[in-house]
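Worksheet: one structure, shown below.
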Amino acid sequence: MTRGACLTIAALAALTLVSLWTGAASVDVTRAWQDPGAAMILMESRLPRTLAVMLTGAALAVAGVLIQALVRNRFVGPDTVGTSESAALGLLLVTLWAPGAPIWAKIAVAAITAMAGTALFMAVIRRLPVREVMLVPIAGLVLSGVIGAVVTFIAWQADLMQYIGTWLMTGEFSGIVAGRYEFLWIAGGAAALAFFAADRFAILSLGDQVATGLGLRRAGVMRLGLVVIGIVSAMVVTTVGMIPFVGLVVPNIVARLMGDNLRQTLPVVALGGAALLMACDILARTLVHPFEIPVGTVMGFAGAGIFLWLLYRRPAHG
């Protein structure tokens, strides 16, 4: 195990303990084995929330690595290329056309539209000049804005604006209790699936000609990446809403410190995403205690600062 992985695990373990102790209710969780009330709060609220934060952060960070590998650009993430907005569009359409559909059906539609939105972004950037690297994230932001505008217009016409606020503008875990986060395990499983194809994604990130020369089936790897990104985005948007910057800044930090060996860095990326989002969630619960700030707001401020730091700091690796 690398030194970076050990440090990230230690940080995540410490943040997990702090998260279990942090909450609006003043409860000593160390006495959960004696106090039934404390045990109920720990098992029904604080532990599910902590697990939800970990799964969300890890899955979004891995999805960020994959989309950066697919488009060969480090300035994109699941929240900047229209993926999350496309997942929200799928949820909105199934809410309009089949309001009584079970949650698994809504998530399936959201995953399909998220994959379609990501594929549309990839089709758009293939028409851009190869040397104009900054046009790729700009195109992603434009596409995100267009899809988001379509979602908002449809929701406004159908009087469903409250749903849009939940899916695209909130990004918070205050409503997470036992029974309301378990679908995030699917997102975690999809992210773990990427580890078994890490070498293929690393080869794909070198370019189409290199990948073809090494005998890689590019289309199959692309489809796998789209499936993982779509499932992660659908699960996260459906359960907690859109959370910015995790899939953008964490892969960049790890790549600067450890390089581009995805087989080695993917576990650290997942742990780093979980730790970063956990830290932001703890801040969201404590800054205006006993009230709570949406974690997406805290992550927005923190992620923007980290991203600017990454832009102006020279790489430490190599």
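The values are calculated or read from the model by the stated rules, or taken from the named source; none is laboratory data. Note that the coordinates shown come from a computational prediction; the quantities given were computed from them, not determined experimentally. For neighbour counting, all protein chains shown are included, and Cβ atoms are generated from backbone atoms with ideal geometry for every residue, glycine included.
Remarks
- Qualifying residue in the range 300-317 (condition: under 17 Å from the mean Cα position of the chain (by Cα), farther than 25 Å from residue 6 by Cα and not in a helix (DSSP H, G or I)): no
- Being outside any loop (DSSP other than H, G, I, E, B), closer than 21 Å to residue 83 by Cα and at pLDDT 90 or above is a description that applies to residue 234.
- Number of the condition not met by residue 163 [criteria: (1) farther than 28 Å from residue 106 by Cβ; (2) at pLDDT below 85; (3) among the aromatic types (Phe, Trp, Tyr)]: (1)
- Taking each residue of the range 156-172 that is closer than 16 Å to residue 234 by Cα and among the acidic types (Asp, Glu) and looking for partners that are outside any helix (DSSP H, G or I) and at pLDDT 80 or above with beta-carbon atoms closer than 6 Å, six or more apart or interchain, yields 172/294.
- Looking only at residues in the range 139-166 that are within 17 Å of the chain's Cα centre (by Cα) and more than 24 Å from residue 46 (Cα to Cα), the one that is surrounded by the fewest Cβ atoms within 10 Å (Cβ to Cβ) is 141.
- Test: residue in the range 75-84 that is touching a residue at least 24 places away in the same chain (Cβ under 8 Å), part of a helix (DSSP H, G or I), within 19 Å of residue 183 (Cα to Cα) and not basic (Lys, Arg): yes
- Scan of the range 253-273 for residues that are part of a helix (DSSP H, G or I) and of a type in the set (S, T, N, Q), ordered by number: 264, 265
- Those residues of the range 126-138 which are under 14 Å from residue 74 (Cα atoms) and either surrounded by 15 or more Cβ atoms within 10 Å (Cβ to Cβ) or aliphatic (A, V, I, L, M) (or both), in sequence order: 133, 134, 135, 136, 137, 138
- Within the range 167-225, if we keep just the residues that are in a loop (DSSP other than H, G, I, E, B) and among the β-branched types (Val, Ile, Thr), the residue that is nearest to the chain's Cα centre (by Cα) turns out to be 176.
- Applying a threshold of 8 Å to beta carbon distances and a minimum spacing of six or more residues, or different chains, the list of pairs starting in the range 141-154 at a residue that is closer than 13 Å to residue 114 by Cβ and ending at one that is among the charged types (D, E, K, R) reads 144/79; 144/85; 147/85; 151/85.
- Residue 244 meets the conditions (1) modelled with pLDDT of 90 or more; (2) assigned to a helix (DSSP H, G or I) in every case but one. The failed one is (2).
- Residue 184 more than 18 Å from residue 86 (Cβ to Cβ), in contact with a Leu (Cβ under 6 Å, 6 or more places away or on another chain) and among the aliphatic types (A, V, I, L, M): yes
- Tally of residues being in a helix (DSSP H, G or I) and in contact with a helix residue (DSSP H, G or I) (Cβ under 6 Å, 6 or more places away or on another chain) across the range 128-139: 2
- Among the residues examined, residue 285 does not qualify as more than 22 Å from residue 16 (Cβ to Cβ) and in a helix (DSSP H, G or I).
Yes/no matrix, rows are residues, columns are (1) among the aliphatic types (A, V, I, L, M); (2) surrounded by 23 or more Cβ atoms within 10 Å (Cβ to Cβ); (3) over 13 Å from the mean Cα position of the chain (by Cα); (4) farther than 16 Å from residue 78 by Cα:
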{"position": "228", "(1), (2), (3), (4)": "yes, yes, no, no"}
{"position": "235", "(1), (2), (3), (4)": "yes, yes, no, no"}
{"position": "251", "(1), (2), (3), (4)": "no, yes, no, no"}
{"position": "256", "(1), (2), (3), (4)": "no, no, yes, yes"}
{"position": "260", "(1), (2), (3), (4)": "no, no, yes, yes"}
{"position": "263", "(1), (2), (3), (4)": "no, no, yes, yes"}
{"position": "268", "(1), (2), (3), (4)": "yes, yes, yes, yes"}
{"position": "277", "(1), (2), (3), (4)": "yes, yes, no, no"}
